[in-house]
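The values are calculated or read from the model by the stated rules, or taken from the named source; none is laboratory data. Note that the structure is predicted; figures quoted are calculated from it, not measured. Here the Cβ positions follow ideal geometry from the backbone for every residue, glycine too, while neighbour counts run over all protein chains shown. Note: accessible area is taken over every heavy atom of the protein model, side chains too, but ligands, DNA and RNA are not part of it. Shrake-Rupley method; radii C 1.70, N 1.55, O 1.52, S 1.80 Å.
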Amino acid sequence: MSLTAGVLAVQGDVSEHVDAVERAARDIDESVTVREIRSAGVVPDCDVLLLPGGESTTISRLIHRDGIAPEISEHVAAGKPVFATCAGLIVAAEDAGDDRVGTLGLLDVTVERNAFGRQKDSFEAPLDIDGLDDPFPAVFIRAPVIDAVGENVDVLASWDDRPVAVRQGPVVGLSFHPELTDDSRLHWLALFEAIDGGE
Ligand SMILES: NC(=O)CC[C@H](N)C(=O)O
């Protein structure tokens with residue numbers, strides 16, 4: 001079986017995610033086609049979606065303008081996996097606490113943008129994540145804080161007593177940037193979910 005992974009590519013650290021998916025596919029010896037999503041019509045061909053970090057105001061404006069937003073919602077309604085990182089998490093949230101972000105409401109969480117500080121406050125932390133045996137090197141860059149989670153949301157990891165990795169059904173949201181490390185385990189998980197979803 002060959003999987004198709006879609007990386008939302010309207011803005012943000014797209015190439016890093018594409019590289020990370022390709023590396024993960026090689027690691028688990030899975031045939032994966034990566035599609036960059038810049039317009040409507042691509043999402044329906046994808047088994048798993050990755051929503052990268054970047055600028056959530058810009059990403060949300062473009063996906064609503066270009067008809068990609070409803071396709072992402074349909075993908076989730078069909079039970080297919082989404083991995084949303086940093087700005088992607090903000091866009092996927094129910095409430096971003098900021099009217100300039102048109103959220104998708106895929107994750108019943110309230111986030112606060114840039115709450116881990118500015119660019120210069122970026123940091124890397126060894127994070128214990130549910131489902132991983134060893135800590136993950138999590139890179140936080142102007143990362144959002146998850147302030148509140150709904151009852152259907154599982155917290156997979158916390159840093160400083162604040163949730164930084166959550167799951168609701170097929171949607172995983174991460175405050176940090178797994179694509180910026182050599183550790184591919186979270187991208188493996190995204191691909192494994194797509195494989196399971198296809199069975
Ligand atoms: N690294 C990131 O993706 C930062 C997210 C950004 N601060 C936003 O609010 O969109």
**Request:** Under 7 Å between Cβ atoms, at least 6 apart or on separate chains: pull out the pairs that start in the stretch 74-88 with a residue that is within 11 Å of L174 (Cα to Cα) and end on any residue that is near the ligand (Cβ under 7 Å from one of its atoms) and among the acidic types (D, E).
**Result:** A87/E55
**Asked** Looking at D160, D196, D121, which one is out of contact with any Leu (no Cβ under 8 Å at 6 or more places or on another chain), open to solvent by 40 Å² or more (accessible area, probe 1.4 Å) and closer than 19 Å to D27 by Cβ?
**Response** D196
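Residues checked against (1) among the polar types (S, T, N, Q); (2) under 16 Å from the mean Cα position of the chain (by Cα):
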residue: A5; (1), (2): no, yes
residue: S15; (1), (2): yes, yes
residue: R26; (1), (2): no, no
residue: V42; (1), (2): no, no
residue: D47; (1), (2): no, yes
residue: G53; (1), (2): no, yes
residue: H64; (1), (2): no, no
residue: I68; (1), (2): no, yes
residue: S73; (1), (2): yes, yes
**Request:** Would you check which residues across the stretch 104-125 are part of a strand (DSSP E or B), of a type outside the set (G, A, S) and either farther than 20 Å from D154 by Cα or within 15 Å of the chain's Cα centre (by Cα) (or both) and list them?
**Result:** L107, D108, V109, V111, F123, E124
**Prompt:** Can you tell me which residues in the stretch 46-91 are surrounded by fewer than 17 Cβ atoms within 10 Å (Cβ to Cβ), of a type in the set (S, T, N, Q) and within 16 Å of the ligand (Cβ to nearest atom)?
**Reply:** T58
**Conditions (1) at negative phi; (2) polar (S, T, N, Q); (3) within 10 Å of the ligand (Cβ to nearest atom); number of the one not met by N114** = (1)
**Request:** Being in a strand (DSSP E or B) and within 16 Å of the ligand (Cβ to nearest atom) is the filter here, so list the residues in the stretch 138-161 that pass it.
**Result:** A138, V139, F140, V145, I146, D147, W159
**Request:** Look through V171, V155 and report the one residue that is surrounded by fewer than 20 Cβ atoms within 10 Å (Cβ to Cβ) and either of a type in the set (A, V, I, L, M) or in contact with a Leu (Cβ under 6 Å, 6 or more places away or on another chain) (or both).
**Result:** V155
